[in-house]
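Just below is one structure, and these are the notes that go with it.
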Amino acid sequence: MDIMRVTISKNGIPIRLTYKQWAHIVDSHDYMAGNIDNVMVSVEDPDYIVRGWTDELIALKYHERTSISGKYMVVVYKEGDAGFIITAFMTSKPDKILRRGTIWQR
């Protein structure tokens, strides 16, 4: 597995981003190209952590500067023994995601 980057979650867990997963993110959301630093910072220093569908966590962080303007970065990831990023995208409407249930907030 080719690890591209690693960051540390709020719970102190290393969260990895593989080249394969980054390619999947950029293929699905082309505007994400060039935003890898924002993705990693969002996991490390989020504004909110929200419940996922099963055992995933969702980090939200507002970024003044992205490739498309000021937006919330949404990063879905898993912790556990080997934490990893599942997907990431941007939104200007965080309320829809916050409704899932905030676990932690700044």
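The values are calculated or read from the model by the stated rules, or taken from the named source; none is laboratory data. Owing to the predicted nature of the structure, the values given are computational and were not obtained by experimental measurement. Neighbour counts are summed over all protein chains in view; Cβ atoms, including those assigned to glycine, are modelled from backbone coordinates with ideal geometry.
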Taking the range 21-74 and keeping only residues that are charged (D, E, K, R) and part of a helix (DSSP H, G or I), one is left with 27, 30, 37, 44
Residues in the range 62-90 that are farther than 21 Å from residue 4 by Cα, of a type outside the set (A, V, I, L, M) and touching a helix residue (DSSP H, G or I) at 6+ places or on another chain (Cβ under 7 Å) total 1
Please verify whether the range 34-49 includes one or more residues that are modelled with pLDDT under 95, out of contact with any His (no Cβ under 9 Å at 6 or more places or on another chain) and not basic (Lys, Arg).
yes
Going through the range 45-64 in order, the residues found to be charged (D, E, K, R), closer than 13 Å to residue 77 by Cβ and loosely packed, with under 14 Cβ neighbours inside 10 Å are 55
